[in-house]
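The block underneath contains the structure these notes are about, expressed in C-alpha cells.
All of the numbers you see were taken from the coordinates with simple rules; none came from a lab. Please read these numbers as outputs of a predicted model, since none were measured by experiment. A quick note on method: Cβ atoms are made from the backbone with ideal geometry, for glycine too, and the neighbour counts reach across all protein chains shown.
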Amino acid sequence: MELETENPTFECYLGNLDPVWCPGCGDFSVLGAFIEAARRLRLPNHQIALVSGIGCSSRFPFFVKAYGFHGVHGRALPIAQGVKLSNPELTVVVAAGDGDGLAIGGGHLPHVSRNNPDITYLLFNNSIYGLTKGQSSPTSPTNLATKTAPYGLMGESMNPAFLALAYGATFVARGAAIKREHLSDLIEQGIRHRGFSFIEILTSCSSFNTKHLAITKVLQRMAPLETCPEDDLEALRLASDTRHIHLGVFRNVKRPTLNEQEEHIRQVSQKTGPVAVGSLLQAFA
Ligand SMILES: Cc1ncc(C[n+]2csc(CCOP(=O)(O)OP(=O)(O)O)c2C)c(N)n1
C-alpha cells in the first residue's frame with residue numbers, strides 16, 4: 001500500500017469503494033478536502049490510520065486507501081488514542097458525526113482533550129442523525145422539528161468548537177464542507193500539529209436536514225478568521241458568536257503529547273522501580 005510516487009495524485013488515496021452518501025451530501029467535499037491534505041503532506045498510505053464510529057460520516061475510512069477501523073458508536077476517540085499510543089509513527093485521523101461525537105460519545109472529548117494524543121479529529125457537524133434518518137442531535141437548533149422532536153427541541157444546542165476550546169484541546173478549528181480549499185488547509189494544519197487537533201466541520205445532510213443548513217443563509221453568516229486569536233477568552237467569544245459563523249483556527253498551542261507523557265512516566269518508573277503491591281495494600285489496611 002505504499003505510495004509509489006514522490007508526488008502522489010488524488011487517486012493514490014481513493015479507496016476501491018465508491019462513497020455511498022446521498023447526492024448533495026457535504027461529506028463528499030470533506031473526503032476531497034482530507035485527500036487533498038494527505039496528498040500535500042505526502043502521507044504514505046500505509047502510515048495513515050482512519051478510525052470512526054457509526055454514522056454516515058463514520059463511513060469515511062471505507063473510501064480512503066489507508067488502514068481503517070470502523071468502530072462502535074461513540075467510541076472512535078478512545079480507539080484512536082490507543083492506536084496512536086501503540087503505533088506512534090502512524091498519522092491517526094478520526095471521523096465522527098455530531099451524534100457519535102457529542103451524544104453517545106460525548107464523554108470522551110474532555111478526556112482526550114486533556115490527554116493530548118497526537119491525533120486529528122474531524123467532527124462532521126450536520127446537526128442531525130443522518131444514518132438513522134433524521135433524529136435530533138446535540139447540535140440541532142432548538143427550532144428544528146425532527147422525527148424525535150416534531151414540535152422543536154427542548155434544551156440548548158451544543159457548540160463543538162466552543163466545547164473543545166473549553167476542554168483544552170491544543171488545536172481547535174472550524175471549517176465547512178462548502179469551503180473545501182480552506183477546509184483542506186485546516187486539515188493539513190491539524191495533522192501537522194503535534195497534539196490533539198479538533199476540527200469542527202460544518203457539513204450538510206441533503207436528505208434529513210435541508211432547512212437549517214440552507215446554504216445561502218449559512219454562507220452569508222460565514223466569516224473567516226484572519227488570524228488565530230491570541231487569548232482563550234477571545235477564542236471562546238469568537239467560537240460562540242451567534243451572528244457570524246467564524247471559520248479558521250481558534251487555538252494552536254503546544255503541550256506534551258500523550259506519547260511523550262507516557263515516555264516520561266516510563267522513565268520515572270524505571271528510576272523508582274516497580275510499586276510493591278504488598279506495601280500498597282498495607283497503606284489501605
Ligand atoms: C449503541 C448504539 N446506539 C444507537 C445506534 C444507532 N445509530 C447509528 S448511527 C447513529 C447516529 C448517527 O448520527 P451522527 O453521529 O450525527 O452521524 P451522521 O450519520 O449524521 O453522519 C445512531 C443513533 C447504534 N448504532 N449503536
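Return the inverse of the average 1/r over all pairs of distinct C-alpha atoms in the chain, which is the Kirkwood hydrodynamic radius, in Å to one decimal.
19.6
Provide the net charge surrounding Phe196, with neighbours chosen by a C-beta distance below 14 Å and charges set as Lys +1, Arg +1, Asp -1, Glu -1.
Neighbourhood net charge equals +4.
Run the helix sum for the chain: -39,500 (n - 2.57) per DSSP H stretch of 4+ residues, divided by residue count, reported at 222 nm to the nearest 500 deg cm²/dmol.
Helices in the chain give a 222 nm mean residue ellipticity of -9500 deg cm²/dmol.
Where is the GNM fluctuation largest for the chain (alpha-carbon springs, 10 angstrom cutoff): Leu238, Leu123, Leu77?
Of the options given, Leu238 has the highest mean-square fluctuation.
For Gly15, which sequence-distant residues (separation of 5 or more, or a different chain) have an amide H within less than 5 Å of its own amide H, given hydrogens modelled in the peptide plane?
Val64, Lys65
How much length is gained on full extension from Phe62 to Leu281, taking 0.36 nm per residue of separation minus their Cα-Cα distance?
74.0 nm
Going 7 Å from the Cα of Leu233 toward and past its Cβ, which residues in the stretch 145-173 have a backbone nitrogen under 20 Å from where you end up?
Counting only backbone N, you get 162-169.
Give me the net charge of Leu41's neighbourhood, meaning all other residues with Cβ under 9 Å from the Cβ of Leu41; Lys, Arg count +1, Asp, Glu -1.
Within the 9 Å Cβ shell, the charges total +3.
Can you give the net charge of the other residues whose Cβ lies under 9 Å from the Cβ of Ser57, counting K and R as +1 and D and E as -1?
Computed value for this residue: -2.
Defining a contact as two alpha carbons under 8 Å apart and six or more residues distant in sequence, what relative contact order in percent does the chain show?
Answer for the chain is 17 percent.
So for Met222, Met154, fewest C-beta neighbours within 10 Å to most, what's the order?
Sorted ascending by nearby Cβ count, the order is Met154, Met222.
Points 7 angstrom from Cα along the Cβ direction at Asp241 and His264: gap in nanometres?
It works out to 3.5 nm between the two label points.
Calculate one ³J(HN,Hα) per residue across the stretch 140-155 by plugging θ = phi - 60° into the Karplus curve 6.51 cos²θ - 1.76 cosθ + 1.60, and present them in order as whole Hz with x for glycine and proline.
5, x, 4, 8, 8, 7, 10, 5, 8, 9, x, 10, x, 8, 9, x
Please list, ordered by chain and number, the residues whose modelled amide H lies under 5 Å from the amide H of Met222; skip anything fewer than 5 residues away on the same chain.
Sorted by chain and number, the residues that satisfy this are Ile245.
Counting other C-beta atoms within 10 Å, which of Phe198, Phe69 has the fewest, and how do the rest follow?
Least to most surrounded, the residues fall as Phe69, Phe198.
Have a look at the DSSP beta bridges in the stretch 10-284 and tell me what percent are antiparallel, nearest 5.
20
How high is the relative contact order of the stretch 60-102? Use alpha-carbon pairs under 8 Å, at least six apart in sequence, and give a whole percent.
Normalised by residue count, the contact order of the stretch 60-102 is 38 percent.
What FRET efficiency comes out for Tyr167 versus Arg192 if R0 is 22 angstrom and r is the Cβ-Cβ distance? Round to the nearest 0.05.
Computed FRET efficiency for Tyr167 and Arg192 comes out at 0.55.
Each label point is 7 Å from the Cα along the Cα-to-Cβ direction; what then is the distance between the points at Val253 and Gln220, in nm?
Placing both labels 7 Å along Cα→Cβ, they lie 3.7 nm apart.
Give me Tyr13, Tyr67 ranked fewest to most by other Cβ atoms within 10 Å of their Cβ, as a rough exposure proxy.
Going from least to most buried by this count: Tyr67, Tyr13.
Work out the count of Lys pairs in the chain where the Cα-Cα distance is under 19 Å, with the pair 8 or more places apart or on different chains.
6
Among Gly155, Gly107, Gly32, which one shows the biggest mean-square fluctuation in a GNM of the chain, springs joining Cα atoms closer than 10 Å?
Comparing Gly155, Gly107, Gly32 in the GNM, the peak value goes to Gly155.
From the backbone phi of the stretch 230-243, what are the Karplus-calculated ³J(HN,Hα) couplings (6.51 cos²θ - 1.76 cosθ + 1.60, θ = phi - 60°) in whole Hz, Gly and Pro given as x?
With the stated coefficients, the stretch 230-243 comes to 7, 10, 5, 5, 5, 4, 5, 4, 5, 5, 9, 4, 9, 7 Hz.
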